[in-house]
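A.B. asks: Quick one: the structure is below, questions incoming.
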Amino acid sequence: MDLLWQAQQVHRAANPGYRVQLASLLSVKTGGCEEDCAYCPQSMHHSSDMSGRPELEVEPVLARARAARDAGAHRFCMGWAWREIRDGAPFEAMLQMVRGVRELGMEACVTAGMLTDAQAARLAEAGLTAYNHNLDTSPEHYARIITTRTYQERLETLARVRRAGVTLCCGGIIGMGEGVADRAGLLQVLATLDPHPESVPINALVAVEGTPLEDQPAVDPLELVRMVATARILMPHSRVRLSAGREQMSREAQVLCLLAGANSIFYGDTLLTTANPAAAADRELLAAAGVQVAA
């Protein structure tokens with residue numbers, strides 16, 4: 001109770017009005033990723049790999065962005081299952097998508113693994129609002145989840161994005177066998193970045209068959225509430241984004257997360273490859289909670 005009270009005081013002072021941003025997420029290139037992230041069904045190292053799906057072209061992606069905007073989304077996020085951004089036609093298409101989303105009047109976010117300074121600069125020139133690159137967990141627990149990319153490489157990617165003048169979307173996942181100290185460790189790293197990430201997605205593991213974490217027990221929703229509240233206290237002005245795992249939560253648990261300081265949700269029926277609450281259900285939830293949607 002004390003944690004919720006403190007988090008709400010911080011939230012009301014830093015973010016008056018209780019406005020929630022709606023963000024829509026689309027997987028442009030699905031599966032076949034060289035990384036071995038233990039939670040991810042898109043890794044070529046796991047039997048769950050979804051590499052059979054074709055990569056989406058520019059116009060279908062922009063059509064999805066337009067539909068998301070018309071349904072009320074303010075930010076459109078696009079994901080590529082890559083270890084790092086590849087130059088050439090796929091990267092040129094990515095730049096076109098970013099420009100197109102911005103022309104629709106939406107914020108544009110990309111997640112596509114590591115990138116170079118030159119690529120970050122070109123994305124900035126195209127109008128990219130934010131680059132998503134999660135730390136996933138604490139430095140101490142990280143090697144149990146991923147072995148194909150170091151924690152330091154993730155931090156270097158964040159630094160390249162910052163140098164290009166693009167905002168950061170960076171958070172993590174709970175429920176991957178970590179302890180409370182690991183959750184605190186992840187938040188400590190995020191909160192000591194200067195400046196703080198503008199967007200901090202908090203995910204609960206969605207255990208997918210065929211991944212090494214398929215047998216992990218479901219996260220207690222109150223643990224997600226605690227994570228959101230602590231993130232809000234540590235990073236008052238960041239958007240704390242309630243992300244994966246929300247479909248398994250009751251309306252009441254989601255309202256508690258909003259109370260604790262979550263001021264953004266992913267909006268739409270799919271998060272890359274996992275399910276998400278329907279848009280109509282989210283509208284009803286926000287209306288019932290008396291929460292306004294950010295313009």
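A.B. asks: For the range 236-263, give me each residue that is touching a strand residue (DSSP E or B) at 6+ places or on another chain (Cβ under 6 Å), under 20 Å from residue 184 (Cα atoms) and not in a helix (DSSP H, G or I).
C.D. replies: Answer for the range 236-263, where residues must be touching a strand residue (DSSP E or B) at 6+ places or on another chain (Cβ under 6 Å), under 20 Å from residue 184 (Cα atoms) and not in a helix (DSSP H, G or I): 238, 239, 240, 241, 242, 243, 244, 245, 261, 262.
So that you can scan it fast, the table gives a plain yes or no per residue for (1) modelled with pLDDT of 90 or more; (2) surrounded by 14 or more Cβ atoms within 10 Å (Cβ to Cβ); (3) under 28 Å from residue 258 (Cβ atoms):
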position	(1), (2), (3)
5	yes, no, yes
23	no, yes, yes
35	no, yes, no
64	yes, yes, yes
74	yes, yes, yes
86	no, yes, no
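A.B. asks: So, in the range 95-126, how many residues would count as being in contact (Cβ under 8 Å) with a residue 40 or more places away in the chain, within 30 Å of residue 151 (Cβ to Cβ), open to solvent by less than 60 Å² (accessible area, probe 1.4 Å) and over 18 Å from the mean Cα position of the chain (by Cα)?
C.D. replies: Of the residues in that region, 5 qualify.
A.B. asks: Being touching a residue at least 40 places away in the same chain (Cβ under 8 Å), within 22 Å of residue 237 (Cα to Cα) and loosely packed, with under 15 Cβ neighbours inside 10 Å is the filter here; which residues of the range 143-165 pass it?
C.D. replies: 163, 165
A.B. asks: I need every pair where a residue in the range 130-142 that is touching a residue at least 12 places away in the same chain (Cβ under 8 Å) and acidic (Asp, Glu) has its Cβ under 6 Å from the Cβ of a residue that is assigned to a strand (DSSP E or B) and open to solvent by 10 Å² or more (accessible area, probe 1.4 Å), sequence separation at least 6 or different chains.
C.D. replies: 136/173
A.B. asks: Kindly list the number of the only condition in (1) within 22 Å of residue 25 (Cα to Cα); (2) in contact (Cβ under 8 Å) with a residue 40 or more places away in the chain; (3) outside any helix (DSSP H, G or I) that fails for residue 168.
C.D. replies: (2)
The values are calculated or read from the model by the stated rules, or taken from the named source; none is laboratory data. Bear in mind that the values here come from a model prediction, so they are computed numbers and not experimental data. Every residue, glycine as well, gets a Cβ built from its backbone with ideal geometry; the counts of neighbours run over all protein chains shown. Side chains are part of the model used for accessible areas, which takes the heavy atoms of the whole protein and leaves out ligands, DNA and RNA. Shrake-Rupley method; radii C 1.70, N 1.55, O 1.52, S 1.80 Å.
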